[in-house]
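The structure appears below as structure tokens.
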Amino acid sequence: MKLRQSNLNKLENTTFDVLIVGGGINGAVSAAALAARGVSVALIDRGDFAGFTSQQSSNLVWGGIKYLESGELGLVTKLCGSRNRLIRAYPSSVREVRFFASIEHGFRRSRFTLFLGALLYWVIGRFFTKPPRLLSQADIAREEPRVAPRGPGGFEYSDAYLVDNDARFVFNFVRAALDHGAIAANYVASLGSQRDASGMWSTRVRDEEDGHSWTIRSKVLINAAGPYVDELNAQNDEPTRHTHVFSKGVHLIVKRITPEPRVLTFFADDGRLFFVIPLGPVSCIGTTDTRVDELPPRVEAADRSFILDNVNKRLLLDRPLTEADIIAERCGVRPLVVPKQEQGGTVDWVALSRKHIVEINESDKHISIFGGKLTDCLNVGQEIADAVTDLGIALPYPNRRWYGEPDDSIRDEFFHQAKLMGLDKLTAKESSEQLSTRLWRRYAASALALLDDIRQDPSMAEVLIKGTEYIRAEMHHAAQREMVTKLSDFLRRRSKIALIARTEEIKVAPGLLDACEILFGPLAQRKLDEYFGPHSVTAHPPAHATGFASGQGTLAASPSSHPSTSAQQPSQAQEPSSPQSSSPQASRQASSAGRLARS
Ligand SMILES: Cc1cc2nc3c(=O)[nH]c(=O)nc-3n(C[C@H](O)[C@H](O)[C@H](O)COP(=O)(O)OP(=O)(O)OC[C@H]3O[C@@H](n4cnc5c(N)ncnc54)[C@H](O)[C@@H]3O)c2cc1C
């Protein structure tokens, strides 16, 4: 909380080279790329960082195999390059995973043609991953007995996934920007920006926590508001040549379907790729692709039945999945960029491949970021640094590396120290991986400070919220360095507790109040009430989410060997009190519900 308050003070009293509005992946990488090169940067988001689209992805870092069918070789080459670069730069957190694809009789392409496509994909990806494999029906039956025999076989190929989750991946860019001097704050909304006579941007902003408003001045303004880019540009009278159309994507979370650490891949009834992605004790199934106009998107009954029907047809389960089996739902929109004149719908929907466009208005010193993918984030960061330079902002350290895990010497030092102090012996028994592996992946060089904390006080290595992997030292770290402003910021985005455990399980988990006391001090109970109270979405689980027996009886995060994805608290895309879903005043109303047992 102190970090946020100190940044709010600086946002009021500094004139910045660049103000970035929107802390999803596009805003976060922009801040990281600019701050590391010595530009003075402010970053604001009216919700939490990654609290909108960037927490709703499939968590895949992929080269766009499906765009081969539309002949977009250039795009596939670019995305495979971005994928390989991310795997190389983040070996602990972006990892290769196998996709196990089965083909049905009568599908528009033969199994062999699709296998040749996978081979081409591997070649375009410069042989960076394991080679693809042709699968017979007997191979599928032997290796994935849950897959229904509906065709001649299939093929296996590789892409990558985010081991923690998309939101954590985004936050690490925000953290990197902070480390290089950026001033960032969550729950600060832009109310609109104007250029004054001197050519400076004045942006009126409001602290969504206390309603206080003020003005931030900057030489350049970057609109990274994701699906809200058009709305913000309209508010600021900023003309653009591009605009967004929205494709809604829904995922359903159910109990783990298959133990193997691979992504089951099908072609759904609409001919699109459809995945069953393992996530610790659960599986994440999806996604849909429907054009919508309204924000925020909502899960409709038709989305649920599309996903359930498709998965039931293609898997051999003890009984078909029904709405009663849904543990959680996730829903977001892909912001797809189109030239303004094509907005009416003349363009091919599938061909609206997920490119990004950085549109620069030189005379206004304004940049809008349209579209994009998590996978392409390093290119966005680089393009923004180039664009800002073109707008006359000097980069004092133009060649400074702004992304990637620390170099091997720091990594070796961390693991050396961890070994000397016997850290892995302190790994909790419910943990899916060694403590040292997880701490390094989540905190990189900052993990050395956690070792120091544990050396000084061994209780710092105790798991605090029972059933999770998160230790006391991590709570202190999150409180000091991760700008946890609401409980959902920690449960849903900095950690993945809320991605795999039911709200009811989290609510009664021993140690949760202790964790909140570390995170929020005297505000602990208020933050708990805010999360579990009557105004939160968790207080109103959908009918289908009730009466479902507990999963594995653990809140442990997914094993590192298992691909992960992000989940959402039941039935809603937004946080209970995020600005997109309710007023800040409403979110602050305390309730007496949701008392937690102390550990
Ligand atoms: C279902 C689905 C699956 C996907 N799967 C993948 C995948 O597997 N791999 C992949 O690479 N990509 C995937 N994507 C695409 C990727 O998730 C998005 O392209 C990306 O997250 C968009 O990031 P963004 O920063 O542009 O937008 P956002 O994450 O939406 O960020 C914009 C931010 O701006 C803030 N904001 C808006 N207005 C204001 C304002 N007035 N003041 C302050 N802040 C404001 C919002 O609160 C928000 O946090 C998927 C997308 C969807 C929907």
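Nearest 20 debye, what's the magnitude of the dipole of the range 1-104 about its Cα centre given +1 on Lys and Arg Cβ and -1 on Asp and Glu Cβ?
Rounded to the nearest 20 debye, it is 360 debye.
Set Lys and Arg Cβ to +1 and Asp and Glu Cβ to -1, take the dipole of the chain about its Cα centre, and tell me which of F52, S110, G153 lies farthest positive.
G153
Given 25 °C and 0.890 mPa s, how large is the Stokes-Einstein diffusion coefficient of the range 397-532 in µm²/s, with Rh as the Kirkwood radius over Cα pairs?
154
Of all accessible surface on the chain at a 1.4 Å probe, what whole percent is carbon and sulfur?
52
What is the magnitude of the charge dipole of the chain about its Cα centre, with +1 placed on the Cβ of each Lys and Arg, -1 on the Cβ of each Asp and Glu, and no other charges, expressed in debye to the nearest 20?
In debye, rounded to 20, the chain gives about 920.
If you take the charge dipole of the range 131-262 about its Cα centre, with +1 on Lys and Arg Cβ and -1 on Asp and Glu Cβ, which of S136, S198, G211 is farthest toward its positive end?
S136
Taking the convex hull of the alpha carbon atoms in the range 352-416, what volume per residue do you get, in Å³?
107
How compact is the chain by the rule of thumb for globular proteins, expressed as Cα Rg over 2.2 N^0.38 Å?
Its radius of gyration relative to the 2.2 N^0.38 Å reference: 0.93.
Could you work out how much longer the chain between Q5 and S363 gets when fully extended? Use 0.36 nm per residue separation minus the Cα distance between them, nm to one decimal.
Net length gain for the segment: 125.5 nm.
Lysines within cross-link reach of K219: Cα-Cα under 26 Å, excluding same-chain residues under 8 positions apart?
Partners found: K10, K365.
Find the Rg to Rh ratio for the range 15-127, where Rh is the Kirkwood radius over alpha-carbon pairs and Rg uses the same atoms.
1.10
If you project the alpha carbons of the range 179-270 onto the principal axes, what extent comes out on each, in Å, largest first?
Its Cα atoms span 61, 34, 28 Å along the three principal axes.
Per residue, what accessible area does the chain have, given a 1.4 Å probe and all protein chains present, in Å²?
37
With respect to the cross-link table entries K2/K425; K248/K486; K78/K355; K466/K486, which display a Cα-Cα separation exceeding 22 Å?
Over 22 Å Cα-Cα: K2/K425; K248/K486.
Roughly how compact is the range 23-82, stated as its Cα Rg over 2.2 N^0.38 Å to two decimals?
1.46
Going by average Cβ density within 10 Å per residue, which order do the peptides 492-498, 73-79 take, highest to lowest?
With the highest mean Cβ count within 10 Å placed first, the list reads 492-498, 73-79.
From the alpha carbon gyration tensor of the range 253-399, can you work out the equivalent ellipsoid semi-axes (sqrt of 5 times each eigenvalue) and give them in Å, largest to smallest?
Semi-axis lengths for the range 253-399 are 39, 20, 13 Å.
How large is Rg/Rh for the range 181-231, to two decimals, with Cα atoms and a Kirkwood Rh?
0.97
On a C-alpha basis, how far is the centre of the range 35-71 from the centre of the range 150-208 in Å? Whole number, if you could?
6
Among L295, C284, S247, which residue has its Cα furthest toward the positive end of the charge dipole of the range 231-304, with +1 on Lys/Arg Cβ and -1 on Asp/Glu Cβ?
Checking the options against the dipole of the range 231-304, the answer is C284.
Which whole-number percent gives the relative contact order of the chain, counting Cα pairs below 8 Å spaced six or more residues apart?
RCO, the chain: 20 percent.
Please work out the ratio of the alpha-carbon Rg of the range 449-500 to 2.2 N^0.38 Å and round it to two decimals.
Taking N as the residue count of the range 449-500, the ratio is 1.14.
I'd like the distance between the alpha-carbon centres of the range 462-501 and the range 355-407, rounded to an integer number of Å.
31
Go through 140-151, 190-201 and give me the packing order, highest mean Cβ count within 10 Å leading.
140-151, 190-201
The values are calculated or read from the model by the stated rules, or taken from the named source; none is laboratory data. As the structure is a prediction and not an experimental result, all values here were calculated from the model. A quick note on method: Cβ atoms are made from the backbone with ideal geometry, for glycine too, and the neighbour counts reach across all protein chains shown. Heads up: the accessible areas ignore ligands, DNA and RNA and are worked out on the full protein's heavy atoms, side chains in. Shrake-Rupley method; radii C 1.70, N 1.55, O 1.52, S 1.80 Å.
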